[in-house]
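Comments concern the structure below.
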Amino acid sequence: MRVTQTITPKRITQMGADRVILDFGQNLVGWVQVRLTAAAGTTIRLRYAEMLQDNGDLYLQALRSAEATDTFILRGADSEVLAPHFTFHGFRYCEVVGYTGPCYLDTYTACVIESDTRPTGTFTSSHPLVNQLYQNVIWGQRGNFLSIPTDCPQRDERLGWLGDAQIFARTATFNRDVAAFFTRWLDTVADAQFANGAFPDVAPRAVVQDEGAPAWGDAGVILPWTLYRVYGDTRIIARHWDALTRWMAYIAEANPHYLRDARLNHNYGDWLAVDGDAAEHTMATLTPKPLLATAYYAYDARLMAAMARVLGRTAEAAHYDDLFAQIKAAFHRAYVGEDGRLLGGTQTAYVLALAMDLVPAALRPTLARHLVADIDRRDGHLATGFVGVSYLLPVLTELGYHDVAYRLLLSDTYPSWGYSIRQGATTIWERWDGWTKERGFQDPEMNSFNHYSLGSVAEWLYRMVAGIDLGGDAPGYRHLRIAPHPHEGLTQVAATYHSISGPIAVAWETTAATLTLGVTIPANTTADIVLPVTAAAHITESGTPLSHFPATWATRSDGRSITVTVGSGTYQFVAQHQDAPVISSAHASSDAAQS
């Protein structure tokens, strides 16, 4: 953990003769260093907060029992430089009490602390709200990846919650090189595994001693798979294979009928979902916890089968394939109605069933329509919590409702990512309604303003808006899928990702006449480049018609897009107006949804 950046205050507000409040303009993690001269024995107190009250004072209630205070007693030397070195704070604002001298540019400096993971991704677009959302995600990761993936850095918690980590892990791999960071933390997760095989809810297992919560304990399976896919590291699977099989046995022992409705322990469900915060809610408005738990049990089984194949464990792969099929069938019998409606009817229920392949192919378009109908019923707003949010936009795009996904992305009314940005957020909030104009601050017992979970949407920005994704079954970006999804809400997008196989870059721009797509593919890799146009006749690459390129490019069409398979290099595709990009502005047809 290091100081990786320093920031000077954007505003200093005098609150009294010896009291000022510093505004650094960014919610960050670290400490404030002071450089000043005062008489020996002068006591300077610094106190930290993320938000201000209406009267301009620090909002401290959400810190709970955390003092978030540094106290310095000066020795009277010229230009003393003071800073703590064995703590950190989460803050945008700092109150300084006890100093009456002049303030210069370097009197107060915020020192940003983080695990020094190398930046690997960038994303920018033509839309300021989307750009700010991306920056909020980055700062949320920087502030919470300190030795372990903490849930929040400011209050008396700072725990390594497994659910938060697994939901955000794929986004984290795009933003930073977290291979070593997560590899080390997974050893901590394994160390914290209970004797009965249950993974803990937090690792290290401090304060919270609960075990096996659905979507939390399942991180023990999901994270090794994620690291294998992104970095091509089979060792992480082999190292933890025994721990993974013990976890699966822990669930199976209590749920021989394949529905995970026993041993749920402290089941958090779809934590902090919108409906779950409403005082008038009933259980019918919440995602049923056994449904969520069963979905993750099925997902675990599917990933275990895939990882067993990676390790050459053929018999175990067959076992987990069969287990997945049994859970899927049980899920369908218990939770899916004849009309394709799911028990509970929540957005999270639908996205889990679709993302985790828990319904027959013929029913997928029906579930997608029910999901979109719920979004429409809410006037184009989401209702997901920590668990559902990471799957929501990818599922909509995959099922042909990319316009709905963009509508959610670009919304700036409550609840949405844009709403917090309109309120000045510079990090991701724990709750959609951490502060609202109507109600002010939410319950201070659970109201962090730097909590990365809802920032898992950045995975979708990289994978589906920019279009940088893994291709096929090959791990480590040895084969890529470049499949951008333009939309009228954005006219330009540019993204880069320095993968384990080398640097990848995608930039696209749309006009009334053309779609221009620039792509860089790293050495010793191949890529399927998917152009969202309907025919190849008027597509050029670096000015040459696509039809003039060799057969090894393997150009093919599915009627809605053109796919070109290429090797490493830099390419510039232009699709002319005759084959205008498929940029949706209304709900997709049922045929598109079925695809």
With everything on Cα atoms, drop me the angle between helix 128-144 and the longest principal axis of the chain, reported from 0 to 90° to the nearest 10. 70 degrees
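Taking segment 1-77, which trypsin sites (Lys or Arg not before Pro) meet the DSSP loop condition and have no more than 13 other C-beta atoms within 10 Å?
Values: sites: Arg2, Lys10, Arg11, Arg19, Arg35, Arg45, Arg47, Arg64, Arg75; in loops: Lys10, Arg64, Arg75.
Filter output for segment 1-77: Lys10, Arg75.
Ignoring ligands, DNA and RNA, what percent of the 1.4 Å accessible area of segment 190-242 is carbon and sulfur?
Numbers: 830 of 1780 Å².
Answer for segment 190-242: carbon and sulfur cover 47 percent of the accessible area.
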The alpha-carbon center of segment 385-448 and that of segment 457-479 are separated, in whole Å, by 23 Å
What helix-only [θ] at 222 nm does the chain give? Using -39500 (n - 2.57) per DSSP H run of at least 4, over all residues, to the nearest 500, the answer is -9500 deg cm²/dmol
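For segment 433-542, how big is the tail of P(r) above 21 Å, as a whole percent of Cα pairs?
Working: 2980 of 5995 pairs.
Considering segment 433-542, 50 percent of its Cα-Cα pairs are separated by more than 21 Å.
Rank these residues by their accessible area, most exposed first, probe 1.4 Å: Trp247, Trp161. Intermediate results must be reported in sequence, preceding the final value.
Values: Trp247 0, Trp161 35 Å².
Result, largest first: Trp161, Trp247.
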Principal axes first, then extents: for the Cα atoms of segment 177-302, list largest minus smallest coordinate on each axis, whole Å, largest first. 48, 34, 29
Computed for segment 80-223: size of charge dipole around the Cα centre, +1 on C-beta of each Lys and Arg, -1 on C-beta of each Asp and Glu, debye to nearest 20, value 380 debye
In whole angstrom, the spacing between the Cα centers of segment 98-163 and segment 504-559 equals 37 Å
Rg and Dmax in Å for segment 55-184, alpha carbons only: what are they? 17.9, 52
Per 10 angstrom bin, beginning at 0 and ending with the bin that holds the maximum distance, the Cα pairs of segment 374-437 fall in percents of 21, 55, 23, 1
Can you grab the distance from the C-alpha centre of segment 170-238 to the C-alpha centre of segment 307-327, Å, no decimals? 20 Å
Give the residue from Gly337, Met248, His85 lying farthest towards the positive end of the charge dipole for the chain; charges sit on Cβ (+1 for Lys and Arg, -1 for Asp and Glu) and the dipole is referred to the Cα centre. His85
Dipole size in debye (nearest 20) for segment 16-136 around its Cα centre, Lys and Arg Cβ +1, Asp and Glu Cβ -1? 120 debye
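Keeping all protein chains in place, calculate the accessible area per residue for the chain (probe 1.4 angstrom), answer in Å². Before the final figure, lay out the partial values.
Numbers: 22580 Å² over 595 residues.
On a per-residue basis, 38 Å².
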About its Cα centre, the chain carries a charge dipole, from +1 on Lys and Arg Cβ atoms and -1 on Asp and Glu Cβ atoms, whose size in debye to the nearest 20 is 780 debye
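The values are calculated or read from the model by the stated rules, or taken from the named source; none is laboratory data. Being a predicted model, the structure only gives us computed values, none of them experimental. Ideal geometry is used to build each Cβ from the backbone, glycine not excepted, and the neighbour counts take in all protein chains shown. Areas reflect the complete protein model, heavy atoms only, side chains present, ligands, DNA and RNA absent. Shrake-Rupley method; radii C 1.70, N 1.55, O 1.52, S 1.80 Å.
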